Amino acid sequence: MKKNLVIVRAGDNSLHPEWLRGAAARDWDLIVNYYGDNPDAYRGDGLERIDSKGPKWPALHDLLAENRRFFADYAYIWLPDDDLRTDAVQINALFEIMAARRLQVAQPALTWNSYFGHLTTLRNAKFQLRYTNYVEVMAPCFSAPMLEKALPLFKTNLSGWGLDFVWAKLVNRPETEIAIIDTVTVDHTRPVGGPNYKMLRERGISPWDELRDFCKINGIEEEPTILTHSAIYQNGAVINAVKYPRRFTASAIAGYLPALRASPEPRRMLRRLAGMAWKAMYNLPDRVAEASFLQRQTVKR
């Protein structure tokens, strides 16, 4: 048994076999929580396969609730989506940084050629790491105690939307225990919206409605704010992003500009960068809402 654990909710096209490559050794076990119908898929290679159907977060709730030994046996547990391309070197580094920085919740940044939901999740070339109030449900990594604390919330909605913002209410030091790690990356290979979203549409469920309801129940603004508390530059210097928001934003934009050439969505990314600059100029919060910030400004005019 290794020190850390990866649990992937896997379909028939899961990329997790690639995660085992690239390093001579790994300090983590891999459990494949398979939701397909092939009795022979993902057997062997020292993997444990546990089958279950349904959306990611309720299914993970049941798996973890039925296997509470995981909380005692492992220091950190990563819950990535199955369409992320990475390797054992990056996953090793993720767990090493989690332990070295004493993080309770974190995620690897997305490579520049990734499809993304929020700009903040992309790798920023200026930084090693950014302490945030937001870690996306696509690839969160938890300390075992933090995951056990968060577990009851996994079954509160089907989409998982809103979970991204609740971590900050569960940790003791939200300014230093939640982060996006820019020196560790994964490639998100599919446009946002996979089989889980297809299932939600078929059931007539809006993830935006689930986000608002979840936030309201958990004492979070229904249009929650994505916030960076501070960041560590590549040279090790630290910037307080709350105290110096414009300086931080200028660095962040400079760190994202090279990504425009690699991005599969360059126009969308450019709009997000323009929005980031606009909000910093007028000291406006980066709110998550169904209508984008720029759309709402156009309507108001």
Any residue on another chain or 5+ positions along whose placed amide H is under 5 Å from the amide H of residue 190 is listed here as 115
From fewest to most C-beta neighbours within 10 Å, the residues 209, 81, 45 line up as 45, 209, 81
What the 5 Å binned alpha carbon P(r) of the stretch 186-267 shows, as percent of pairs per bin from 0, is 3, 10, 12, 12, 15, 19, 16, 9, 3, 1
In debye to the nearest 20, the charge dipole size for the stretch 1-160, taken about the Cα centre with +1 at each Lys and Arg Cβ and -1 at each Asp and Glu Cβ, equals 680 debye
D (µm²/s, integer) via Stokes-Einstein for the stretch 72-221, Kirkwood Rh across alpha-carbon pairs, 10 °C, 1.306 mPa s: value 100 µm²/s
Between residue 102 and residue 290, the two model label points (7 Å from Cα along the beta-carbon direction) sit apart by a distance in nm of 4.3 nm
Going from the fewest other Cβ atoms within 10 Å to the most, one would list 8, 89 as 89, 8
Here the stretch 128-136 yields Karplus 3J(HN,Hα) values (6.51, -1.76, 1.60; θ = phi - 60°; whole Hz; Gly and Pro given as x) of 7, 6, 10, 7, 10, 9, 9, 10, 6
One would report the Cα pair-distance distribution of the chain, bin width 10 Å, in %, as 6, 27, 38, 23, 6, 1, 0
Percent antiparallel among DSSP beta bridges confined to the stretch 83-300, nearest 5, equals 70 percent
With R₀ set to 45 angstrom, the calculated FRET efficiency between the beta-carbons of residue 240 and residue 40, to the nearest 0.05, is 0.25
Of the candidates 67, 263, 5, the farthest towards the positive dipole end of the chain (Lys/Arg Cβ +1, Asp/Glu Cβ -1, centred on the Cα centre) is 263
With +1 at each Lys and Arg Cβ and -1 at each Asp and Glu Cβ, the charge dipole magnitude of the stretch 83-300 around its Cα centre, to the nearest 20 debye, comes out at 640 debye
Which of 118, 61, 229 fluctuates most in a GNM of the chain (C-alpha springs under 10 Å)? That residue is 118
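Bear in mind that the values in this text are calculations on the coordinates, not laboratory data. Note that the structure is predicted; figures quoted are calculated from it, not measured. Backbone-built Cβ (ideal geometry, glycine too); neighbour counts: all protein chains shown.
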